[in-house]
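The values are calculated or read from the model by the stated rules, or taken from the named source; none is laboratory data. Nothing here was measured: the structure is a model prediction, and the numbers come from that model. A quick note on method: Cβ atoms are made from the backbone with ideal geometry, for glycine too, and the neighbour counts reach across all protein chains shown.
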Amino acid sequence: MEQVDTLVVGAGVVGLAIAAILSEQQDTIVIEQHAQFGEHTSSRNSEVIHAGIYYPDNSLKAQLCVTGKALLYTHCERYHVPAQKIGKVLIATNESENEKLHALVAQASNNGVTDLQFLSTAELRTKAPEINAAAGVWSPSTGIVDSHQLMLSYLNKLSQHGGHYVNNTQFIKAHFDGEHFIVTLKCDEEVFYLKCKTLINAAGLFAQACASNIDALAKHHIPPLHYCKGQYFSYQGKHPFKHLIYPMPEQHGLGIHATLDLAGQLKFGPDTEFIDQLDYTPSEHAKPHFVEAIKRYWPKLDSTRLQLSYCGIRPKLQLQGAQDFVIQDHHQHGIKGLINLFGIESPGLTASLAIAHKVAKQVYATQ
């Protein structure tokens, strides 16, 4: 039976980052059930490098987003990953939203984000032309990144250190013998076994299914999973935006915001809809809702140019309220060498390297 120090399940942006960091000191394999890495949440998002504004005090999201943002910009420069610090404007369209805006700036400061600036009317007009806003705040450290190139850079780092990425390989189950995990895997309809000292479940939307097939893990350590679908619409033709535009956040997300990709393409989204099974089919039915939400802050929107684009699905652990990342090690579940990551949604992309360093620290602490 082949033996390896660490097996990472799931080659999304977080699994690849973890594998890349651990491969510096350990014999590491990352497996992916699909033919391509990052087919789910990692490639179906806004590709935004978040500043760390919204998350509650002392949450993992706040800590890992702020730390991860700095690590990510450095990494992108070093590995020539396309990324731009294009900044974003947070806008309030009325007085009650203005109060929310001030509360967000205070929250950002608590999280260690100290570069936010209130904009004058003239600055607001310059940075957010054609936008209907009573007040605005500038976030200079918000940016955008090519998520595919980022994942490729993590893969390159993994292989440079002698680690391995294996696709089309499904995690079936793991047996813990008190010292090692005997992992059953399936590749091209063939079953094979792998022995590892450390097992990291970074399977994203499949993390709960993976965890339920680890024999030593008590079921009460596995949180529920709710699929939260978000659609995006792209905008065809010219537009006036050079920066990201974010209205005040909504209950399940950051609202239908305006983002740009590295080619300058404008897109809007995501909305939120809880669904029962994985389904990435976009729906035209969402368009009236998008038009209404966008026109609140961009009255000149030409709705005929709004084209249905793609969908993403976030792994929510609860149906209401703010949720945090769950990074579970032996302190929580009592199994040495097992780390489960649950609910890794936004800002997972931004936080990927910070999550990887945190996980690596937990791995080395038990060895």
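Tabulated data for the structure shown
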| read-out | value |
| --- | --- |
| Evaluation of Asn58 against (1) more than 14 Å from the chain's Cα centre (by Cα); (2) touching a residue at least 12 places away in the same chain (Cβ under 8 Å) (one fails), failing number | (2) |
| Whichever residue in region 278-336 is aliphatic (A, V, I, L, M) and touching a Gly at 6+ places or on another chain (Cβ under 8 Å) and, among such residues, is surrounded by the most Cβ atoms within 10 Å (Cβ to Cβ) | Ile313 |
| When residues of region 159-187 are limited to those that are within 26 Å of the chain's Cα centre (by Cα) and of a type in the set (Val, Ile, Thr), the one farthest from Ile214 (Cα to Cα) | Val166 |
| Filtered residues of region 23-41 (kept if in a loop (DSSP other than H, G, I, E, B), on the phi < 0 side of the Ramachandran plot and within 23 Å of the chain's Cα centre (by Cα)) | Ser23, Glu32, Gln33, His34, Ala35, Gln36, Phe37, Glu39, His40 |
| Residue match in region 55-75 (condition: closer than 23 Å to Ala293 by Cβ and either modelled with pLDDT under 95 or in contact with a Cys (Cβ under 9 Å, 6 or more places away or on another chain) (or both)) | yes |
| Hits in region 36-69 (condition: small (Gly, Ala, Ser) and more than 18 Å from Ile18 (Cβ to Cβ)) | Ser46, Ala51, Gly52, Ser59, Ala62 |
| Residue tally, condition assigned to a helix (DSSP H, G or I), more than 24 Å from Lys85 (Cα to Cα) and in contact with a strand residue (DSSP E or B) (Cβ under 8 Å, 6 or more places away or on another chain), over region 294-310 | 1 |
| Strands (runs of 3 or more DSSP E) lying entirely in region 216-291 (those with 1 or more residues that are of a type in the set (Asp, Glu)) | 273-275 |
| Helices (runs of 4 or more DSSP H) (entirely within region 42-161) containing at least 2 residues that are hydrophobic (A, V, I, L, M, F, W, C) and within 30 Å of Gln26 (Cα to Cα) | 60-78, 147-160 |
| Residues of region 206-225 classified as over 23 Å from Ile31 (Cβ atoms) and in contact with a Phe, Trp or Tyr (Cβ under 6 Å, 6 or more places away or on another chain), total | 0 |
| Asn156, sole failed condition from (1) under 24 Å from His34 (Cβ atoms); (2) not assigned by TED's automatic domain parsing to the domain that holds Val30 | (2) |
| Residue pairs meeting the criteria (Cβ under 7 Å; at least 6 apart or on separate chains; first on the phi > 0 side of the Ramachandran plot, in region 202-221; second of a type in the set (A, V, I, L, M) and buried (at least 18 other Cβ atoms within 10 Å of the Cβ)) | Gly204/Ile344 |
| Set Glu292, Glu284: member being without any contact (Cβ under 8 Å) to a residue 12 or more places away in the chain and over 18 Å from Ile18 (Cβ atoms) | Glu292 |
